[in-house]
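The values are calculated or read from the model by the stated rules, or taken from the named source; none is laboratory data. Keep in mind the model is a prediction, meaning the values are calculated, not measured. For neighbour counting, all protein chains shown are included, and Cβ atoms are generated from backbone atoms with ideal geometry for every residue, glycine included. Accessible surface areas use protein heavy atoms only, side chains included; no ligands, DNA or RNA. Shrake-Rupley method; radii C 1.70, N 1.55, O 1.52, S 1.80 Å.
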Amino acid sequence: MDKIILITGATSGFGKAIAKLFAENKWNLILTGRRKERLVQLCSELEQKNGIKTLPLVFDVQDRNAVFASIENIPDEWKRMDVLVNNAGLALGREPFDKASIDDWETMLNTNVKGLMYVTKAALPYMITQQKGHIINIGSIAGKEVYVNGNGYCASKHAADALSKAMRIDLLPHKIKVTAIHPGAAETEFSIVRFKGNETTAKSVYEGYTPLYAEDIANITYYCATLPAHVCINELIVTCTAQANSALFVKE
Ligand code: NDP
Ligand code: 8X3
C-alpha cells in the first residue's frame, strides 16, 4: 500500500475535508467517528471515486478501551501509518464560568484532551516501529488565547496545545514530526454542536464576514503533511482575514 493517514472525526467538517483531499491525492485512509452510517458511506464514496483503500473505525474517542481495541486490531497491512490527524473534538456551550455546565466541561476535556491522548498512544507503536511518522493535532485559536465565555473549551484546547509541545519533545528520538494547526472561526457543524442543535444561533456566529471553510484547513493539513522529510511545521495559527485574534472580528 502507498501512504496511509488516520484521521479522527472524519464524519464532518475538517476531518471529512481532509479525508477527501488526501483521497484525491491517492492516500489510503483510516477514518474514525461515532456516526457509523456517515463514516461507511464516506469511505465507500472515496474508494469508488479515487481508487484508494479505506478502513472505517467506529468508536468514541472518550472510550479508552474502545480506542485501543479498535486501533490495536486493525489488519496488518494498515499497521504502518504515515500521518495521524487528531481532529475529533467539540465545544459545548458558551456560558460564563459560573453558569457553564460541568457535564459539558467533562465532555470537552474527555474528548479534546483525553481522546487525543488515547488515540495517539494507541497509534504510536506503529510509528515508533518504523521510526518515522507525523502527528498533526487540530488545536484552536482557543488554545492560544482565552475568550469571554470560552472557559472549558479554551482549557481543553490549551491542554491540547501543551500536548502537541510535549509530544514534539518526547517523540523526537523516534523521528516523529508533530504539527499543531490552530484554526480560528470556521463554518462546519462545530457551532451547531456547540449550541446543541440551535441552527439560528450557530449560523449567527458566521454572519457579516467570510469565515474559514473546512477545505482551507484540509489544504493546510495537506501542505504540512507533504513537506520534505527534514522539514516540520511545529505550529501555525490560521484565521480568516476578518479575524485578528480569538475575540476581534471586523464585520460588514
Ligand atoms: P464538526 O462538528 O464538523 O466535526 C467534529 C468531528 O469530530 C465529527 O466528525 C465528529 O464525529 C467527531 N467527534 C466529536 N466528538 C467525538 C467523539 N467523542 N468521538 C469520536 N469522534 C468525535 O467540527 P469541526 O470539523 O469544526 O471540528 C474539528 C476539530 O476542529 C475539533 O477538534 C474542533 O475543536 C476544532 N476546531 C474547530 C474550529 C471551528 O471553528 N470549526 C476552529 C478551531 C478548531 P461523530 O459525531 O461522528 O463522532
Ligand atoms: C473553534 C474556534 O473561536 O469558536 O475552536 O473557539 S472558536
| field | Per-region count, region 153-163, residues more than 13 Å from the chain's Cα centre (by Cα) and either open to solvent by 10 Å² or more (accessible area, probe 1.4 Å) or charged (D, E, K, R) (or both) | value | 6
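Considering each residue of region 179-192, count those that are within 10 Å of ligand 2 (Cβ to nearest atom) and part of a loop (DSSP other than H, G, I, E, B), and give that number.
Number of matching residues: 3.
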| message | Return the residues of region 12-27 that are within 15 Å of residue 40 (Cα to Cα) and surrounded by fewer than 23 Cβ atoms within 10 Å (Cβ to Cβ); say none if nothing qualifies. | response | 12, 20
| query | From the list 184, 150, which residue is closer than 17 Å to residue 112 by Cα and within 14 Å of the chain's Cα centre (by Cα)? | reply | 184
| task | Output the residues belonging to region 180-206 that are open to solvent by less than 10 Å² (accessible area, probe 1.4 Å), touching a Gly at 6+ places or on another chain (Cβ under 7 Å) and within 8 Å of ligand 1 (Cβ to nearest atom). | result | 182
| remark: Across (1) open to solvent by less than 30 Å² (accessible area, probe 1.4 Å); (2) on the phi < 0 side of the Ramachandran plot, residue 133 clears everything bar (2)
| message | Among the residues of region 124-135, are any basic (Lys, Arg), modelled with pLDDT of 95 or more, over 17 Å from residue 64 (Cβ atoms) and within 15 Å of ligand 2 (Cβ to nearest atom)? | response | no
| said: Tell me which helices (runs of 4 or more DSSP H) are completely within region 99-178 and hold 3 or more residues being closer than 15 Å to residue 80 by Cα, or say none if there are none. | reply: 116-130
